[in-house]
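Below you'll find the structure, written out as structure tokens, and then a few comments.
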Amino acid sequence: DVKVTQSSRYLVKRTGEKVFLECVQDMDHENMFWYRQDPGLGLRLIYFSYDVKMKEKGDIPEGYSVSREKKERFSLILESASTNQTSMYLCASSLSVGRETQYFGPGTRLLVL
Amino acid sequence: QKEVEQDPGPLSVPEGAIVSLNCTYSNSAFQYFMWYRQYSRKGPELLMYTYSSGNKEDGRFTAQVDKSSKYISLFIRDSQPSDSATYLCAMSASGNTGKLIFGQGTTLQVKP
């Protein structure tokens, strides 16, 4: 079974803090994704990566950056957290282009005060 | 207009009912179609995967794709309270760097 893990289930941070969300997958998948999920807005893609050190902007990259130094690990960084970044953050991975099925982690609920 | 439209519900049915969940889409290039189930405060889990048109059955679940109408469906037979969750449709075009386009999700409640 594919396993995608996220470093924290719940996080509480203060406005202006730098926040790191970590995601690890154990199935040698090439593609990794970061989403946020908000009521009424569904899943929105923040960034994705199709290879080590490669990254592509998704639909809402503003205020976020990412890092992929190793194939199994994809980090989402909130450079200066703001209250409008309070959300559920979901990481996903997929095997490769042409193998579109994505597998999700359990999510991180982030509250920015 | 969104690329993928899905009625958010909520949809409430009695236990044992047949449930029909639907999505419409506008991009004729979509070829990969998925349904995810998401329990409250959890990540989505893959339920069904279909390539191109046709039906696929897995236990109580049946996925249908009608590319001519740009319409996909998920049927749940003999629904159970444990089926209460949000169901997300997702789809992708070939060679599109693996990006999926998600529907907003339909919240389903199955009452005992």
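The values are calculated or read from the model by the stated rules, or taken from the named source; none is laboratory data. Computed from a predicted structure; not experimentally measured. Because the Cβ atoms are built from the backbone with ideal geometry, glycine has one as well, and the counts that use them run over all protein chains shown.
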Any chance B:SER92 is in contact (Cβ under 8 Å) with a residue 24 or more places away in the chain and either farther than 30 Å from A:SER49 by Cβ or assigned to a loop (DSSP other than H, G, I, E, B) (or both):
no
Out of the stretch A:72-113, which residues are more than 18 Å from A:THR15 (Cβ to Cβ), outside any strand (DSSP E or B), more than 8 Å from chain B (Cβ to nearest Cβ) and modelled with pLDDT of 95 or more?
A:GLU72
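Taking into account only those residues within the stretch B:75-99 that are polar (S, T, N, Q) and more than 23 Å from A:GLN37 (Cα to Cα), which is nearest to the other protein chains (Cβ to nearest Cβ)? Give the derivation first.
In the first step, residues of the stretch B:75-99 are kept if they are polar (S, T, N, Q); the result is B:79-80, B:82, B:84, B:86, B:92, B:94, B:96-97.
Going one step further and asking which of them are more than 23 Å from A:GLN37 (Cα to Cα), we end up with B:79-80, B:94.
Numbers: B:SER79: 23, B:GLN80: 23, B:SER94: 7 Å.
Top of the filtered list is B:SER94.
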It is to be established whether one or more residues within the stretch B:28-35 are closer than 19 Å to B:THR106 by Cβ and among the polar types (S, T, N, Q).
no
All but one of (1) under 10 Å from the mean Cα position of the chain (by Cα); (2) facing chain B (nearest Cβ under 8 Å) hold for A:CYS23; state the number of the condition that does not hold.
(2)
Residue hits (the stretch A:73-113; under 28 Å from B:PHE30 (Cα atoms) and surrounded by fewer than 20 Cβ atoms within 10 Å (Cβ to Cβ)) are A:MET88, A:LEU95, A:SER96, A:VAL97, A:GLY98, A:ARG99, A:THR101, A:PRO106
Only residues that are crowded, with 17+ Cβ neighbours inside 10 Å and among the aromatic types (Phe, Trp, Tyr): list them for the stretch A:1-39, please.
A:PHE33, A:TRP34, A:TYR35
Inside the stretch B:46-70, can you point out the residues that are surrounded by fewer than 14 Cβ atoms within 10 Å (Cβ to Cβ) and at pLDDT 90 or above?
B:ASN55, B:GLU57, B:ASP58, B:GLY59, B:ASP66, B:SER68, B:SER69
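Can you pull out the residues in the stretch B:33-62 that are outside any strand (DSSP E or B) and free of Cβ contacts under 8 Å to residues at least 40 places away in the same chain? Before you say what the answer is, go through the steps one by one.
Looking only at the stretch B:33-62, we keep the residues that are outside any strand (DSSP E or B), and these are B:39-44, B:52-53, B:59-60.
Of everything in the stretch B:33-62, those that are outside any strand (DSSP E or B) and free of Cβ contacts under 8 Å to residues at least 40 places away in the same chain turn out to be B:ARG41, B:LYS42, B:GLY43, B:SER52, B:SER53, B:GLY59, B:ARG60.
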Of the conditions (1) on the phi > 0 side of the Ramachandran plot; (2) touching a residue at least 24 places away in the same chain (Cβ under 8 Å), A:GLY40 satisfies every one except a single condition; which number is it?
(2)
Across the stretch A:40-60, what is the total count of residues that are surrounded by 16 or more Cβ atoms within 10 Å (Cβ to Cβ) and assigned to a loop (DSSP other than H, G, I, E, B)?
3
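Taking B:PHE102 as the residue in question, decide whether it is within 14 Å of chain A (Cβ to nearest Cβ), more than 22 Å from A:GLY40 (Cβ to Cβ), surrounded by 21 or more Cβ atoms within 10 Å (Cβ to Cβ) and in contact (Cβ under 8 Å) with a residue 60 or more places away in the chain. Give the steps one after another, and end with the answer.
Numbers: within 14 Å of chain A (Cβ to nearest Cβ): yes; more than 22 Å from A:GLY40 (Cβ to Cβ): no; surrounded by 21 or more Cβ atoms within 10 Å (Cβ to Cβ): yes; in contact (Cβ under 8 Å) with a residue 60 or more places away in the chain: yes.
The answer is no for B:PHE102.
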Looking only at the stretch A:68-86, count how many residues are closer than 20 Å to A:PHE104 by Cβ and of a type in the set (Gly, Ala, Ser).
1
Regarding B:SER82, is this residue exposed (fewer than 12 other Cβ atoms within 10 Å of the Cβ) and closer than 21 Å to B:LEU11 by Cβ?
yes
